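Undergrad: Got a structure for you, questions after.
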Amino acid sequence: MANSLTVPFWQSLRTRIVLLVLLGAVPSLVGLSVAHYQGYQRTVREQAHSLRMQLDHALMRMEGVTASAHDLLEAMAGDIAVHGGDAARCQAYVDNLRARLPQYQIFGFIDRRGRMACTSVAEAAGKDFSDQGYFREALAQMRFTVSGMIRGRVTNTAHLVFAQPVINAA
């Protein structure tokens, strides 16, 4: 007789209550998942906007740095001390620039053959830079050029090189 009173598991009151609780929880779980995803998407949009703003600011600063470097190099190219052929005067000129303009890490003058004639980094003196793109481009186009980010062969640090040809140099 006990067997005739037994109901199948899926028809029991306990099973039905558990299923009702689960069915009530599913919309809440879906709602939480959707809210989390929307929050994630909002955060991604905010971070992308912030990154764009930072990039715009960096580009504006870089344009200012490039314009400043261009002006400086044009003035230096016109200075008689640069292209007088006197190595001691050239070195004194570079040392003075480095002391007065610490925002620029390295100053140097490369002769037409690509050799570093004078520089603020002693280890670079006399080294051959004729294979560098910025050097070849400045000579070929006879105008101010800017390299991409390169690793300095002497300092082994990242550099952005500004180059300006000196007309009528020795």
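The values are calculated or read from the model by the stated rules, or taken from the named source; none is laboratory data. This one's a predicted model, so the numbers in the text were calculated from it and none came from an experiment. Neighbour counts run over all protein chains shown; Cβ positions are idealised from the backbone, glycine included. Accessible surface is based on the protein model in full, side chains and every heavy atom, while ligands, DNA and RNA are left aside. Shrake-Rupley method; radii C 1.70, N 1.55, O 1.52, S 1.80 Å.
Undergrad: Considering every residue within segment 123-139, establish whether at least one is within 18 Å of Asp79 (Cα to Cα) and either acidic (Asp, Glu) or in a loop (DSSP other than H, G, I, E, B) (or both).
TA: Checked segment 123-139: no residue is within 18 Å of Asp79 (Cα to Cα) and either acidic (Asp, Glu) or in a loop (DSSP other than H, G, I, E, B) (or both).
Undergrad: So Val154 clears everything in (1) surrounded by fewer than 15 Cβ atoms within 10 Å (Cβ to Cβ); (2) part of a loop (DSSP other than H, G, I, E, B) except one condition, right? Which one?
TA: Checking Val154 against (1) surrounded by fewer than 15 Cβ atoms within 10 Å (Cβ to Cβ); (2) part of a loop (DSSP other than H, G, I, E, B), the one that fails is (1).
Undergrad: Checking Gly85 against (1) modelled with pLDDT of 85 or more; (2) open to solvent by less than 70 Å² (accessible area, probe 1.4 Å), only one condition comes out false. Which one?
TA: Evaluating Gly85 over (1) modelled with pLDDT of 85 or more; (2) open to solvent by less than 70 Å² (accessible area, probe 1.4 Å) leaves (1) as the failure.
Undergrad: A further question follows. Out of the helices (runs of 4 or more DSSP H) lying entirely within segment 1-105, which hold 1 or more residues that are within 21 Å of Ala125 (Cβ to Cβ)?
TA: Result: 13-78, 87-100.
Undergrad: Say whether the condition of being among the aliphatic types (A, V, I, L, M), in contact with a Gly (Cβ under 8 Å, 6 or more places away or on another chain), modelled with pLDDT of 85 or more and over 22 Å from Thr66 (Cα atoms) is met by at least one residue in segment 142-163.
TA: Within segment 142-163 (the criterion being among the aliphatic types (A, V, I, L, M), in contact with a Gly (Cβ under 8 Å, 6 or more places away or on another chain), modelled with pLDDT of 85 or more and over 22 Å from Thr66 (Cα atoms)), the answer is no, since none of the residues qualifies.
Undergrad: On to the next question. Do the conditions hold for Thr43, that is, is it surrounded by 10 or more Cβ atoms within 10 Å (Cβ to Cβ), among the hydroxyl-bearing types (Ser, Thr, Tyr) and closer than 30 Å to Ala163 by Cβ?
TA: No.
Undergrad: For segment 6-24, does any single residue satisfy the condition of being within 42 Å of the chain's Cα centre (by Cα), farther than 26 Å from Gly152 by Cα and surrounded by 10 or more Cβ atoms within 10 Å (Cβ to Cβ)? Step through it out loud before you land on a result.
TA: If we filter segment 6-24 for residues that are within 42 Å of the chain's Cα centre (by Cα), which is where we start, we get none.
No, every residue in segment 6-24 fails to be within 42 Å of the chain's Cα centre (by Cα), farther than 26 Å from Gly152 by Cα and surrounded by 10 or more Cβ atoms within 10 Å (Cβ to Cβ).
Undergrad: Report every pair of residues separated by at least 6 positions or lying on different chains whose Cβ atoms are under 9 Å apart, first residue within segment 108-133 and surrounded by 13 or more Cβ atoms within 10 Å (Cβ to Cβ), second of a type in the set (S, T, N, Q) and in a strand (DSSP E or B).
TA: Gly108/Thr119; Phe109/Thr119; Ile110/Thr119; Ala125/Thr119; Lys127/Thr119; Gln132/Ser147; Gly133/Thr145; Gly133/Ser147
Undergrad: Any idea which residue in segment 56-81 is farthest from Tyr134 (Cα to Cα), counting only those that are under 16 Å from the mean Cα position of the chain (by Cα) and open to solvent by 100 Å² or more (accessible area, probe 1.4 Å)?
TA: Across segment 56-81, the extreme among qualifying residues is His57.
Undergrad: Would it be correct to say that Ala99 is at pLDDT 90 or above, open to solvent by 70 Å² or more (accessible area, probe 1.4 Å), over 20 Å from the mean Cα position of the chain (by Cα) and among the small types (Gly, Ala, Ser)?
TA: Yes; evaluated as a whole, the condition is true for this residue.
Undergrad: Among the numbered conditions (1) modelled with pLDDT under 90; (2) open to solvent by less than 60 Å² (accessible area, probe 1.4 Å), tell me where Ala2 comes up short.
TA: Unmet condition: (2).
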